[in-house]
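A.B. asks: For reference, the structure I am asking about is given below.
The values are calculated or read from the model by the stated rules, or taken from the named source; none is laboratory data. This one's a predicted model, so the numbers in the text were calculated from it and none came from an experiment. A quick note on method: Cβ atoms are made from the backbone with ideal geometry, for glycine too, and the neighbour counts reach across all protein chains shown. Side chains are part of the model used for accessible areas, which takes the heavy atoms of the whole protein and leaves out ligands, DNA and RNA. Shrake-Rupley method; radii C 1.70, N 1.55, O 1.52, S 1.80 Å.
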Amino acid sequence: MTALASKIIWALCAAGWYVIRYPHERRSRRTAVTRDSADLKELLLMAISLTGLGILPGAYVATGFGSSGGFGGFANYPFSPAQGWIGAVLFGLSLILFHRTHRDLGRNWSVTLKVRAEHRLISQGVYAYVRHPMYSAFFLWALAQLFLLPNYIAGPAGLVGFGTLYLFRVGREEALMLETFGDEYEAYRARTK
């Protein structure tokens, strides 16, 4: 594998992420929202995550096809084919998990913290094992990006961006689920990681 191939893999996988998400986004828009927690903090966290997982690496991939030119070229480091293969495998696993979480959630899914009409607690599929598997999928993407993009800015930007979102959002999501589902969610939390 070459550095160019790893950048192409990153771009294709990022596009694949959107292809997976798009039909679920369209479908869930048709289900009424009964509670929306998308405040300024939530939108800022989403922007930080998007910057780390999309904007910075996207700019690097789009402009950095030369060995040292383009966005962030000064921060490049030597590429190893092994790191590219590791990144490709991690991104593939990320896409599989991402697809599965959307399929399991169905109409309950949303980008921001929302409760939809007839919202129910999903505890089957991957949700039987992990409470927030979509965050696991994003973490795998961020790790894949670290391996695929040999640049000290674009590579770790996903871990920083997503890490910030996770750190400041997961507690809010847990509180929303506990408030919405009460004892049912408490029992679910006790049996999942």
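A.B. asks: If you build a Gaussian network model of the chain, linking Cα atoms that sit under 10 Å apart, which residue out of Leu56, Leu167, Leu176 swings the most?
C.D. replies: Of Leu56, Leu167, Leu176, the Gaussian network model singles out Leu167 as fluctuating most.
A.B. asks: Separate question: So which residue, out of Arg29, Arg103, Arg21, gets the largest mean-square fluctuation from a GNM of the chain using Cα contacts under 10 Å as springs?
C.D. replies: Of Arg29, Arg103, Arg21, the Gaussian network model singles out Arg29 as fluctuating most.
A.B. asks: Something else about it: Which percent of Cα-Cα pairs in region 54-193 sits in each 10 Å bin, short to long?
C.D. replies: With 10 Å bins starting at 0, P(r) equals 11, 34, 28, 17, 8, 1.
A.B. asks: Right, something else. Using the Cα centre of the chain as the reference point, and only Cβ charges (+1 on K/R, -1 on D/E), how large is the resulting charge dipole? Debye, rounded to the nearest 20. The partial results should precede the final answer.
C.D. replies: Values: 20 positive and 12 negative charges, 88 e Å.
Charge dipole, the chain, about its Cα centre: 420 debye, nearest 20.
A.B. asks: Keeping every protein chain present and rolling a 1.4 Å probe, give me the accessible area per residue for region 22-180 in Å². Don't skip to the answer; put the middle values down first.
C.D. replies: Working: 7710 Å² over 159 residues.
Spelled out: the 1.4 Å probe surface of region 22-180, per residue, equals 49 Å².
A.B. asks: I've got another one for you. Please sort by residue number the GluC sites (Glu not before Pro) in region 105-193 whose DSSP state is loop and whose Cβ has at most 10 other Cβ atoms within 10 Å.
C.D. replies: Within region 105-193, the qualifying GluC sites (Glu not before Pro) (loop, at most 10 other Cβ atoms within 10 Å) are Glu118.
A.B. asks: Can you give the Rg to Rh ratio of region 21-67, both from alpha-carbon atoms, with Rh computed by the Kirkwood formula?
C.D. replies: That ratio is 1.18, to two decimals.
A.B. asks: Pull up all non-local amide H partners of Arg116: gap of 5 or more, or a different chain, and H-to-H distance under 5 Å with H placed in the peptide plane.
C.D. replies: Counting only residues 5 or more places away or on other chains, the set is Thr34.
A.B. asks: What list of ³J(HN,Hα) couplings, whole Hz, do you get for region 98-106 from phi and the Karplus terms 6.51, -1.76, 1.60, once you set θ to phi - 60° and write x for glycine and proline?
C.D. replies: For region 98-106, the Karplus curve yields 4, 4, 5, 5, 5, 5, 5, 6, x Hz.
A.B. asks: Once region 1-125 is represented by equal point scatterers at the alpha-carbon sites, with solvent omitted, what log10 I(q)/I(0) does the Debye formula produce at q = 0.10 Å⁻¹?
C.D. replies: -0.43
A.B. asks: Also, quick follow-up: Please list, ordered by chain and number, the residues whose modelled amide H lies under 5 Å from the amide H of Asn151; skip anything fewer than 5 residues away on the same chain.
C.D. replies: Distant-sequence amide H within range of Asn151: Tyr77.
A.B. asks: Let me have the relative contact order for the chain, percent, based on Cα pairs under 8 Å that are six or more residues apart.
C.D. replies: Value for the chain: 34 percent.
A.B. asks: Pairing the Cα long axis of helix 154-181 with the longest principal axis of the chain, what angle in degrees results, from 0 to 90 and rounded to the nearest 10?
C.D. replies: Once rounded, the angle reads 0 degrees.
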